[in-house]
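In what follows, a single structure is set out as structure tokens and then discussed.
The values are calculated or read from the model by the stated rules, or taken from the named source; none is laboratory data. Since the structure is predicted, the reported quantities are computational estimates derived from the model, not experimental observations. No Cβ is skipped: glycine too gets one built from the backbone with ideal geometry, and neighbour counts run over all protein chains shown. Protein only, heavy atoms only, side chains kept; ligands, DNA and RNA dropped before computing areas. Shrake-Rupley method; radii C 1.70, N 1.55, O 1.52, S 1.80 Å.
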Amino acid sequence: MRKKGIVRAAVESDTSAINRFLQQRITIHRHLDWRKPTKWIGRSPFLLYFSSDNSIEAILNCVPEPQDTYWIRLFTYKNPFYKAFYWNALFNNAGLEIITDQSENPTIASLAYQNWMKNLLEMEGWVKRHKVIQFKWDNRNKASLFKSIVHPTPIRQMTYADLEEVTYIDQTCFHPLWQQSKEALEHAYAQSHYSTVFENNQSVCGFQISTYDKGKAHLARLAVLPDFQKQHIGEKMVLNMLKHFDDQGIDAVSVNTQQDNFNSIGLYKKLHFKKTGNSFPVYIYS
């Protein structure tokens with residue numbers, strides 16, 4: 001399939017054109033990201049496909065963060081008939097060349113919420129390696145849960161000054177594929193509704209970050225340093241978070257975790273979270 005057009009890196013002067021494109025009737029895949037798509041401009045690979053009349057037809061963003069971890073953060077296009085062509089031009093040709101120049105050992109991954117994205121990745125030979133599953137809190141027995149909360153508590157609200165320690169905890173606890181950079185955690189903290197840390201001898205050993213939108217809360221991040229695990233710190237932090245939202249009349253609380261993260265699944269089930277049945281696969285470029 002031949003089509004005339006050019007591929008080039010996105011630059012700051014493209015911001016308005018990209019925003020206009022994203023507001024059109026297009027097909028779009030977006031990663032679970034703390035930043036708006038245009039906030040990645042200036043980093044690479046962030047590629048645009050232009051038609052012969054110099055209008056945007058497709059966009060690919062797979063900027064690495066942390067280093068060597070390349071998520072497909074944005075893939076969007078105007079004409080579904082040319083989906084495979086756009087992918088070939090933006091990822092297989094230009095994108096992979098940039099990635100191999102940047103990294104000797106990259107991990108390239110993509111979530112897939114929609115069937116068209118699953119079909120594309122499988123057609124391109126990507127391998128399904130993980131599955132993310134969703135839980136929702138069942139608050140019918142909340143009174144018995146909240147009885148275990150003790151005061152005073154070593155849990156306090158997170159501050160910007162905590163983010164250095166929070167980043168260390170995050171990158172110590174999570175596999176590189178799931179780690180967040182300090183920059184990403186700064187965005188997460190800024191957008192959070194309720195973020196807390198657990199202190200031990202004036203040092204932070206655990207944290208949680210939760211969001212709120214349209215009547216629903218979501219536990220976005222939870223981690224406890226390995227040396228402090230199996231001391232119910234994660235449980236206490238989740239209970240504190242649930243009580244915070246419950247006090248505000250918010251009882252719709254969700255959380256996502258990997259299907260094989262049995263420790264997290266055990267904790268959430270203990271605190272009366274139930275599987276919703278919603279899930280999505282994670283593909284790795286082979």
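How large is the dipole of region 211-266 about the Cα centre if only Lys and Arg carry +1 and Asp and Glu carry -1, each at its Cβ, rounded to the nearest 20 debye? Could the numbers behind the result be given before it?
Numbers: 6 positive and 7 negative charges, 12 e Å.
The dipole of region 211-266 has a size of about 60 debye.
With respect to the chain, whose longest principal axis is taken over its alpha-carbon atoms, helix 182-191 is tilted by about 70°.
Let me check I've understood the local charge: for Ala217, count other residues with C-beta under 11 angstrom from its C-beta, Lys and Arg +1, Asp and Glu -1. What total comes out?
On the way: positive: Lys136, Lys214, Lys216; negative: Asp213, Asp246, Asp251.
Spelling it out: positives minus negatives among the neighbours equals 0.
Exposure check, 1.4 Å probe, all protein chains in place: Val132 carries approximately 10 Å² of accessible surface. Among residues other than Ser264 with Cβ under 13 Å from its Cβ, the summed charge is +2 (Lys and Arg +1, Asp and Glu -1). With all protein chains in place and a 1.4 Å probe, the accessible surface of region 16-103 carries 44 percent carbon and sulfur.
For each pair in Lys128/Lys214; Lys118/Lys269; Lys39/Lys78; Lys142/Lys275, compute the distance between the two Cα atoms and list the pairs where it is over 25 Å. Don't skip to the answer; put the middle values down first.
Values: Lys128/Lys214 32 Å; Lys118/Lys269 29 Å; Lys39/Lys78 21 Å; Lys142/Lys275 17 Å.
Checking Cα-Cα distances, Lys128/Lys214; Lys118/Lys269 exceed 25 Å.
Under the simplified labelling scheme, the Met123-Arg25 pair shows an inter-label distance of 2.2 nm, with each label point 7 Å from Cα along Cα→Cβ. The angle between the Cα long axis of helix 163-173 and the main principal axis of the chain comes to about 80°, on a 0 to 90 degree scale. Annotation for Asn263 and Asp33: the two label points, set 7 Å from Cα along the Cα-Cβ direction, are 3.0 nm apart. Once the Cβ-Cβ distance of Gln229 and Ile284 is raised to the sixth power relative to R0 = 35 Å, the FRET efficiency obtained is 0.80.
With a 1.4 Å probe rolled over the protein heavy atoms of all chains, the accessible area of Arg129, Arg8 falls in the order Arg129, Arg8, largest first. Would you tell me the accessible area of Glu199, worked out with a 1.4 angstrom probe on the heavy atoms of the protein chains, in Å² to the nearest 10? Spelled out: Glu199, probe radius 1.4 Å, area about 60 Å².
Can you give the FRET efficiency to the nearest 0.05 for Gln202 and Tyr113, using r as the Cβ-Cβ distance and R₀ = 41 Å? Intermediate values should be presented prior to the final figure.
On the way: r = 42 Å, r/R0 = 1.02.
The pair Gln202/Tyr113 has a calculated efficiency of 0.45.
Relative to the longest principal axis of the Cα atoms of the chain, the long axis of helix 233-247 lies at roughly 90 degrees. What's the center-to-center distance, using Cα atoms, between region 213-269 and region 31-77 in Å? Between the Cα centres of region 213-269 and region 31-77 lies a distance of 31 Å.
Under 14 Å from the Cβ of Val166, count the other residues' Cβ atoms, weight Lys and Arg +1, Asp and Glu -1, and hand me the total. Before the final figure, lay out the partial values.
Details: positive: Arg156, Lys182, Arg221; negative: Asp162, Glu164, Glu165, Asp170, Glu183, Glu186, Glu199.
With Lys, Arg at +1 and Asp, Glu at -1, the neighbours total -4.
Stretching the chain fully between Gln67 and Lys3 yields a gain of 19.7 nm (0.36 nm per residue, less the alpha carbon separation). Partners of Lys270 within straight-line reach, counting aspartates and glutamates whose Cα lies under 15 Å from its Cα and excluding those fewer than 8 residues away in the same chain: Asp138, Glu235. A helix-only calculation puts the chain at -7500 deg cm²/dmol for mean residue ellipticity at 222 nm, using -39500 (n - 2.57) for each DSSP H run of at least four residues, averaged over all residues. Pick out, from Thr100, Ser110, Ser144, the residue whose Cα sits farthest towards the positive end of the charge dipole of region 63-148, with +1 on the Cβ of Lys and Arg and -1 on the Cβ of Asp and Glu. Looking along the dipole axis, the top candidate is Ser144. Projecting label points 7 angstrom from Cα along Cα→Cβ for Lys275 and Ser181 puts them 3.5 nm apart.
Extents of the chain, largest first, come to 67, 35, 34 Å (Cα atoms, principal axes, whole angstrom).
Volume per residue, Å³, of the convex hull around the alpha-carbon atoms of region 31-184? Spell out each step's value before the answer.
Working: hull volume 27.5 nm³, N = 154.
Considering the Cα atoms of region 31-184, their hull volume per residue is 178 Å³.
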